[in-house]
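Every number in this text was worked out from the coordinates using simple rules, so none of it is lab data. From a predicted model like this one, the values you see are computed outputs, not experimental measurements. FYI the Cβ positions are ideal-geometry reconstructions off the backbone, even for glycines, and counts take in every protein chain you see.
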Amino acid sequence: MEKWDIAMKTMLFATALAASTLTAVTARAADLTEGAAPHSWSGIYLGIQGGGAWARADDGADRFNLNGGAIGAYIGANWQVDAFVLGIEGDVAYTSNDRSVFGFELGTRWQGALRGRLGYAVDRVLIYGAAGLALSEVWIDAAPVLDKTETFTGWTVGGGVEYAFADDWAARVDYRYSDYGASDFGWSDTSGFEVTEHALRIGVGYSF
């Protein structure tokens, strides 16, 4: 129930963020594109993005913040029907979330996601929600007892706003909440760590 509440709050936050941005940007877009042909969001696109990541590792007794940054790339495809935009997108990012805890190091290194997207377009402005599969490479260094890296698998949900500032170029603000699941790294002396993360990324993409 707690995870469901987090997911719902995340969607509400993303919707509120996108709606506030949409209100301001749509008015400007309408002025710039008055009399021009409506922008189409259909097609394949790729881009680069970066931003902040606020992760947390929870072993059931303690919670450790693993805050840092992320930089990566994304690729996807959109299909627009009237004002609705359906899409699929994959991304990968290098992250620098790490922390020293009780004499050992814990952090994340690489992350990836495959998300479905559903959006609503107002000409050059696209507001969307997204959800899907999330992966994160998590490492722990407690040498000489344990030094190991594992791939955590979970889910992600969020949303954002895109603005097509040119026919083939679009800028975006994307927020997501990810639950990467848990692992004990094969170490019987620990109950395992569950890793979750909030991330806010800004990107720019090119469509074909």
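Figures for the structure shown
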item: Cα-centred dipole magnitude for region 57-208, charges only on beta-carbon of K, R (+1) and D, E (-1), debye, nearest 20; result: 400
item: Charge context of ASP62, other residues only, Cβ under 13 angstrom, K/R +1, D/E -1; result: 0
item: Burial ranking of peptide ranges 38-50, 153-165 (average Cβ count within 10 Å, highest at the top); result: 153-165, 38-50
item: Three-way shape call for region 52-118 based on the alpha-carbon gyration tensor, with the a/c threshold at 1.5; result: prolate
item: Semi-axes of the equivalent ellipsoid for region 51-208, Cα gyration tensor, largest first, Å; result: 35, 14, 12
